[in-house]
Amino acid sequence: EFDVVVYGATGYTGKIVMEYIGQTYGVGGEVSWAIAGRSESKLVASRDEVAEYAPAVRDVPMIIANSSDRESLDAMVARTKVVLTTVGPYLKYGSELVAACAASGTHYVDLTGEACWIRKMIDAHGAEAERTGAKIVPSCGFDSIPSDLGTLMMGEAMLARDGRQIDSLTYFCGPMSGGASGGTLDTMYTICSDKSLIKMMVTPYLLNDEDQKPTVPFRDAIGLGYNSTLGRWTSPFFMAGHNVKVVYRSLGLQSFPYGRNMRYQELMCYRGVKGFFQALATVVIMPLVLAMATVAPTRRLLQWALPKPGEGISREERENGYFNTYFVAHSVEEPNKPRETLCGRIVGPHDPGYLQTAIMLTNAALALLDPNIPNRERGGILTPATAMGNVLIERLRAAGMTFEVCEEGEVPTSRRRQA
């Protein structure tokens with residue numbers, strides 16, 4: 001009946017997704033879609049609110065479904081090819097929907113940054129999804145599309161140079177403008193309140209099955225550093241703990257196409273004297289915030305002071321935000337071949353946490369409908385790179401994002417906005 005159902009359309013991010021689809025595709029056109037949630041009155045209110053900016057959505061169909069009512073979820077997923085869900089934290093609200101999609105063969109995308117939950121879904125529903133052909137693709141927003149598709153882009157670029165393999169690939173999160181996501185922070189609180197989940201999150205190859213784990217020990221990025229290729233100061237990246245796991249799952253699912261000993265890590269990067277102090281501040285503040293989130297009294301203080309689930313930034317901030325990510329790949333040393341260095345960049349012209357994430361999530365869902373995606377018949381708990389691959393890169397380029405490998409010897413520079 002539908003190509004895509006947007007589940008969670010009454011939430012802050014869900015409404016942004018609704019607006020983007022309405023403005024880009026309308027209703028009753030080339031993409032057939034519906035919105036879903038547990039309350040009809042809230043769905044109507046959200047639809048009317050979004051219709052001020054995307055009038056077509058006044059006619060979008062509605063479906064009533066509740067994350068705690070499996071029968072309603074089964075009925076919803078039976079009506080669509082892809083479910084796009086923004087209802088998190090997924091540890092609390094996502095498991096039954098994944099189970100329903102895996103059982104019915106319905107494709108699925110989400111925004112989770114909860115690797116521990118993804119591991120639970122792999123164990124509980126991975127085999128069923130493989131059997132039915134359902135592509136269950138978590139982490140289709142700022143975590144972890146730039147990481148996963150950037151690795152795909154750089155890996156293929158290195159292979160194109162006489163089959164060179166990668167020794168190390170580093171993702172650098174550069175200049176950005178946007179707002180902290182209350183939903184992401186709520187996920188952090190959920191994980192930090194449970195010691196068993198913390199233990200899972202510090203396991204680097206958590207999402208790799210036993211026969212798909214790398215052969216090299218994982219080396220986490222710690223402390224203040226300096227990258228001579230980019231000429232920037234570096235510090236640990238707060239999203240690396242999740243993104244790295246997704247990237248290694250992609251590599252494992254593909255049997256390590258860029259080298260089984262490839263090392264991957266993620267960092268923040270900053271330029272100049274000011275950048276030195278920004279990096280130093282990050283090194284000090286980030287572990288402090290994480291430590292505060294593990295203790296109930298200080299966690300409540302963070303919950304009071306920082307953005308809450310459902311809260312977000314202004315429309316102007318969403319539209320005028322941006323992000324820059326850089327990649328530096330070093331090839332494996334080979335006899336009579338000098339070590340090669342390739343750089344690349346991914347640029348998003350909007351706030352990464354909300355509008356750009358909504359654009360990435362929507363295009364991930366629509367890419368699953370494309371007959372040219374890799375391994376079209378393959379189901380399972382997959383990743384953006386293994387489920388959509390270059391089809392998604394091309395969709396995101398068409399949607400205004402930059403994916404590019406620099407010319408040999410060129411170093412990527414930041415762009416505040418798209419040209």
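The values are calculated or read from the model by the stated rules, or taken from the named source; none is laboratory data. This one's a predicted model, so the numbers in the text were calculated from it and none came from an experiment. Neighbour counts are summed over all protein chains in view; Cβ atoms, including those assigned to glycine, are modelled from backbone coordinates with ideal geometry. The protein model used for the area step is the full one, side chains on, heavy atoms only, and it has no ligands, DNA or RNA in it. Shrake-Rupley method; radii C 1.70, N 1.55, O 1.52, S 1.80 Å.
Just to check your reading of the model, which residue among Ser147, Ser139 is outside any helix (DSSP H, G or I) and surrounded by 24 or more Cβ atoms within 10 Å (Cβ to Cβ)?
Details: Ser147 fails: outside any helix (DSSP H, G or I).
Only one candidate passes the filter, namely Ser139.
For the stretch 125-135, state whether one or more residues are surrounded by 23 or more Cβ atoms within 10 Å (Cβ to Cβ) and either within 18 Å of the chain's Cα centre (by Cα) or without any contact (Cβ under 8 Å) to a residue 40 or more places away in the chain (or both).
yes
Can you confirm whether Gly310 is open to solvent by 40 Å² or more (accessible area, probe 1.4 Å) and not in a strand (DSSP E or B)?
Values: open to solvent by 40 Å² or more (accessible area, probe 1.4 Å): yes; not in a strand (DSSP E or B): yes.
Yes, satisfied.
Do you know which of the residues in the stretch 332-379 that are modelled with pLDDT under 95 and among the hydroxyl-bearing types (Ser, Thr, Tyr) is nearest to Gly133 (Cα to Cα)?
Here the residue is Tyr354.
Is one or more of the residues making up the stretch 383-405 part of a loop (DSSP other than H, G, I, E, B) and at pLDDT below 95? Can you show your working first?
In the first step, residues of the stretch 383-405 are kept if they are part of a loop (DSSP other than H, G, I, E, B); the result is 383, 388, 399-401.
Next, only the ones that are at pLDDT below 95 stay: none.
Checked the stretch 383-405: no residue is part of a loop (DSSP other than H, G, I, E, B) and at pLDDT below 95.
Scanning for something touching a residue at least 12 places away in the same chain (Cβ under 8 Å) and touching a Cys at 6+ places or on another chain (Cβ under 6 Å), does the stretch 96-119 turn up at least one residue? Steps first, answer last, please.
Filtering the stretch 96-119 down to residues touching a residue at least 12 places away in the same chain (Cβ under 8 Å) leaves 96-119.
In the following step, the residues that additionally are touching a Cys at 6+ places or on another chain (Cβ under 6 Å) were identified as 108-109.
Yes, there is a match, as at least one residue in the stretch 96-119 is touching a residue at least 12 places away in the same chain (Cβ under 8 Å) and touching a Cys at 6+ places or on another chain (Cβ under 6 Å).
Taking Gly353 and the conditions (1) touching a residue at least 24 places away in the same chain (Cβ under 8 Å); (2) farther than 29 Å from Thr229 by Cα; (3) surrounded by 17 or more Cβ atoms within 10 Å (Cβ to Cβ), which numbered condition does it fall short on, given that it satisfies the others?
Unmet for Gly353, out of (1) touching a residue at least 24 places away in the same chain (Cβ under 8 Å); (2) farther than 29 Å from Thr229 by Cα; (3) surrounded by 17 or more Cβ atoms within 10 Å (Cβ to Cβ): (2).
If you check every pair at least six apart or on different chains, which have Cβ atoms under 7 Å apart with a residue in the stretch 70-81 that is on the phi < 0 side of the Ramachandran plot first and a residue that is surrounded by fewer than 16 Cβ atoms within 10 Å (Cβ to Cβ) and not in a helix (DSSP H, G or I) second?
Taking only residues 6 or more apart or on different chains, the pairs are Ser72/Ile64; Arg79/Glu1; Thr80/Glu1; Lys81/Leu369.
Determine, yes or no, whether Ala358 is buried (at least 24 other Cβ atoms within 10 Å of the Cβ), part of a helix (DSSP H, G or I) and either at negative phi or small (Gly, Ala, Ser) (or both). Steps first, please.
Working: buried (at least 24 other Cβ atoms within 10 Å of the Cβ): yes; part of a helix (DSSP H, G or I): yes; either at negative phi or small (Gly, Ala, Ser) (or both): yes.
For Ala358, the condition - buried (at least 24 other Cβ atoms within 10 Å of the Cβ), part of a helix (DSSP H, G or I) and either at negative phi or small (Gly, Ala, Ser) (or both) - is met.
Using beta carbons and a limit of 8 Å, which pairs, at least six apart or on different chains, have the first residue in the stretch 273-297 and over 17 Å from Val202 (Cβ atoms) and the second one modelled with pLDDT under 95 and open to solvent by 80 Å² or more (accessible area, probe 1.4 Å)?
Met292/Leu301
Go through the stretch 73-93 and give me each residue that's open to solvent by less than 30 Å² (accessible area, probe 1.4 Å), in contact with a strand residue (DSSP E or B) (Cβ under 7 Å, 6 or more places away or on another chain) and of a type outside the set (Val, Ile, Thr).
Result: Met76, Leu84.
Yes or no: Ser147 in contact with a helix residue (DSSP H, G or I) (Cβ under 7 Å, 6 or more places away or on another chain), hydroxyl-bearing (Ser, Thr, Tyr) and at positive phi?
Numbers: in contact with a helix residue (DSSP H, G or I) (Cβ under 7 Å, 6 or more places away or on another chain): yes; hydroxyl-bearing (Ser, Thr, Tyr): yes; at positive phi: no.
It is false that Ser147 is in contact with a helix residue (DSSP H, G or I) (Cβ under 7 Å, 6 or more places away or on another chain), hydroxyl-bearing (Ser, Thr, Tyr) and at positive phi.
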